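Everything below concerns the one structure shown next.
Bear in mind these aren't lab numbers, they're just calculated from the coordinates by the rules spelled out. Being a predicted model, the structure only gives us computed values, none of them experimental. Virtual Cβ from ideal backbone geometry, glycine too; neighbours counted across all protein chains shown.
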Amino acid sequence: MTIHSLRTPAVLIDKARAIRNLDRMQAAADARGVRLRPHSKTHKSPVVARWQIDRGAVGICCAKLGEAEVFADASIADIRLPYPINPSNADRVIALLGRTRLSFIVDHPVVAKQWSDAMTRAGKKVDVLVKVDVGFHRCGIDPFARDSVEMVRAIAALPGLNFRGLLSHAGHTYHAHSEAELHGMADNEAARLRDLVGRCRDAGVPVEEVSAGATPPARFSLQQDGFTEFRPGNYVYFDRTQVALGAAALDDCALTVLATVVSKPAKDRVIFDSGSKTLTNDGARGFTPAPGYGIVLRGSGGQLTSGGQSLSGGHSLSGNGVPVPDDNLLIERLSEEHATVRALNGTTDLEPGDQVRIIPNHSCVVSNLVDQAWLLEGDRIEPLEIAARGQIT
Ligand SMILES: Cc1ncc(COP(=O)(O)O)c(C=O)c1O
C-alpha cells in the first residue's frame with residue numbers, strides 16, 4: 001500500500017525518523033552508562049517497544065496495568081510502572097508477576113503497607129521504587145521533608161516489598177521558559193536525588209537504582225551524575241512542544257497527522273478533516289507561546305495533492321526530506337471532526353481535496369486516540385497497531 005490510498009485523517013509514523021530518534025537517545029544513555037527504559041506512553045505499541053529493546057533498552061515503562069498486560073502478552077520481559085497504582089489491583093499485579101519482571105512506585109506509607117500486605121498474603125514480593133518529587137509537585141515524597149529518609153526506610157522495611165531505589169519525573173520541565181531554566185531544572189533534579197540517596201545510604205538504606213526521565217531535559221539530564229536509569233517517552237516521535245522546548249528539531253518529528261481539506265468557506269479559511277478526535281485539544285508548550293493545534297506541513301513545491309494528484313516533496317506525503325511548515329496557516333479552532341484553519345496573510349492556495357500533514361502539539365495523546373497508525377517509508381505504508389491504547393485502568 002502507499003500513502004495515496006489512505007483515508008484521512010490518518011496517523012503516520014515516519015519509521016526512519018523514529019528509528020533515528022531511538023538510536024540517538026540510546027547512544028546518549030550508553031555513553032553515560034545509564035540504562036535506558038523508555039516510557040511506552042508515546043507509542044503504546046509492542047512493535048515499537050521491541051525496536052527500543054533491540055537497541056539496548058532494558059525494558060519499558062507503562063502507566064496503567066492494562067498497558068502492562070498488553071506488553072506482557074507481547075513478551076516484554078521487564079515492565080516498570082512509574083505510577084502510583086491502586087492496591088485494589090493486587091490480583092492483576094500478582095498475575096503479572098509470573099509473566100514479566102514488574103516494578104512500580106510507591107510514595108505513601110499507607111498505600112505501601114497495603115501493597116506489602118497484599119503481597120505477603122499471596123506469598124510474593126514485588127519490586128518498588130519510592131517516587132521523589134523534584135519540583136513537578138504531582139506525586140512523590142518531598143525530599144526536603146524532615147522525615148524523608150524515615151519514609152524511605154519504613155517503605156524499604158515492609159516485608160512484601162523489595163525496595164529497589166528512588167525515581168523521579170521532572171514534568172515541570174514542560175513549563176520552562178528558557179533553555180537556562182530547563183537546564184537548571186535538570187541540575188536541581190539530579191542534585192535533589194543525589195542528596196536524598198546520600199542521606200538514605202548514610203542511614204543504612206541501600207539504594208540500588210536512581211531513575212529519572214523526561215524528554216525536555218534529556219540533553220541536560222544525561223550529563224548528570226548519579227542516575228542509573230533514564231525513562232524518556234516522547235523522544236520516539238517528538239512533537240511541536242518538544243521543538244518549542246529545544247528538545248528536538250522539526251525534522252525529528254516522526255508522528256504526523258495526514259489530513260484533507262474538506263471545505264473552503266472563505267479565501268482565508270479552510271477546514272481540515274482532523275478535529276479534536278485526532279489532534280486533541282492539548283495546547284503547545286514551549287519557551288514562547290505557540291497558538292493553535294499543530295504545525296501544518298506542505299510540500300516544498302506547493303500543496304501536497306490537488307484533485308487526487310500528488311505534488312512534490314518535503315516532509316510531505318513521503319517520509320523523506322525536510323519538513324516544510326506553512327507558517328501562513330494557523331489551526332485556530334478544533335471541533336471534534338473539524339479543524340478550522342486561518343490563513344494569517346488573508347489567503348491560502350489550499351483547495352478542497354488537498355492534503356497536508358500536521359505535527360501535533362502533543363504526540364502521546366494522539367497515539368491514544370487511534371487503534372492503528374501507519375508506518376511510513378518513502379511512499380509505502382504498513383499498519384502499526386496501537387495495541388495498548390485506551391487502557392484506562
Ligand atoms: C512518571 C513518568 N516518567 C517518564 C515519563 C516520560 O516523559 P516524557 O514523555 O517527557 O519523555 C512520563 C511522562 O509523562 C512520566 O509521567
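Could you sort out which of Lys44/Lys125; Lys44/Lys124; Lys64/Lys131 sit more than 23 Å apart by Cα distance in this structure?
Working: Lys44/Lys125 27 Å; Lys44/Lys124 28 Å; Lys64/Lys131 16 Å.
Checking Cα-Cα distances, Lys44/Lys125; Lys44/Lys124 exceed 23 Å.
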Original post:
When the chain is modelled as a GNM with alpha-carbon springs shorter than 10 Å, which of Asp252, Asp268, Asp239 fluctuates the most?
Top reply: Asp268
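What FRET efficiency comes out for the pair Ser5/Asn345, r = Cβ-Cβ distance, R0 = 35 Å, nearest 0.05?
On the way: r = 34 Å, r/R0 = 0.96.
Computed FRET efficiency for Ser5 and Asn345 comes out at 0.55.
Subtracting the Cα-Cα distance from 0.36 nm times the residue separation, let me have the gained length for Lys124 to Arg24 in nm, one decimal. Don't jump to the answer; show the numbers that get you there.
Details: separation 100, 0.36 × 100 = 36.00 nm, distance 3.83 nm.
Stretched out fully, the Lys124 to Arg24 stretch lengthens by 32.2 nm.
Using just the helices of the chain, give the 222 nm mean residue ellipticity in deg cm²/dmol: DSSP H runs with n ≥ 4 each add -39,500 (n - 2.57), and the total is spread over all residues, rounded to 500.
Working: 11 runs with 107 residues, N = 393.
The helix-only estimate for the chain comes to -8000 deg cm²/dmol at 222 nm.
How would His137, His172 line up from fewest to most surrounding beta-carbon atoms within 10 angstrom? Kindly include the intermediate steps, with their values, before the conclusion.
Working: His137 10, His172 21.
Fewest-to-most ranking of His137, His172: His137, His172.
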Original post:
What FRET efficiency do you get for Ala157 and Ser75 if R0 is 35 Å and r is their Cβ-Cβ distance, rounded to the nearest 0.05?
Top reply: 0.55
Subject >> Burial ordering of Leu166, Leu158, fewest other beta-carbon atoms within 10 Å first >> reply: Leu158, Leu166
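In whole percent, what relative contact order does the chain give with Cα contacts below 8 Å and a gap of six or more residues?
On the way: 929 pairs, mean separation 80.3, N = 393.
Over the chain, the number comes to 20 percent.
Order by neighbour count: Asp282, Asp23, fewest other Cβ atoms within 10 Å first, most last. The partial results should precede the final answer.
Values: Asp282 19, Asp23 13.
Least crowded to most crowded, the residues run Asp23, Asp282.
Tell me, in nm to one decimal, what length is gained between Ala266 and Glu382 on full extension, where the rule is 0.36 nm per residue of separation less the Cα-Cα distance?
Details: separation 116, 0.36 × 116 = 41.76 nm, distance 3.62 nm.
So the chain would gain 38.1 nm between Ala266 and Glu382.
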Subject >> Cα-based Rg / Dmax (Å) for the chain >> reply: 22.4, 71
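Report the gain in length on full extension from Asp54 to His137: 0.36 nm times residue separation, minus Cα-Cα distance, nm rounded to one decimal. Could you put the intermediate results ahead of the total?
Values: separation 83, 0.36 × 83 = 29.88 nm, distance 3.43 nm.
Length gained, Asp54 through His137: 26.5 nm.
With an 8 Å cut-off on Cα pairs and a minimum separation of 6 or more residues, tell me the relative contact order of region 163-277 in percent.
Numbers: 149 pairs, mean separation 25.7, N = 115.
It comes to 22 percent, rounded to a whole number.
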Original post:
Taking N as the number of residues in region 215-264, what is its alpha-carbon radius of gyration divided by 2.2 N^0.38 Å?
Top reply: 1.55
Original post:
What percent antiparallel are the DSSP beta bridges of the chain, to the nearest 5?
Top reply: 55 percent
Subject >> Coarse-grained scattering of region 16-237 at q = 0.11, 0.15, 0.16 Å⁻¹, given as base-10 log I(q)/I(0) from a Debye sum over alpha-carbon atoms >> reply: -0.51, -0.97, -1.10
Original post:
With each pseudo-label sitting 7 Å past Cα toward Cβ, what's the Thr393-Asn188 distance in nm, one decimal?
Top reply: 3.8 nm
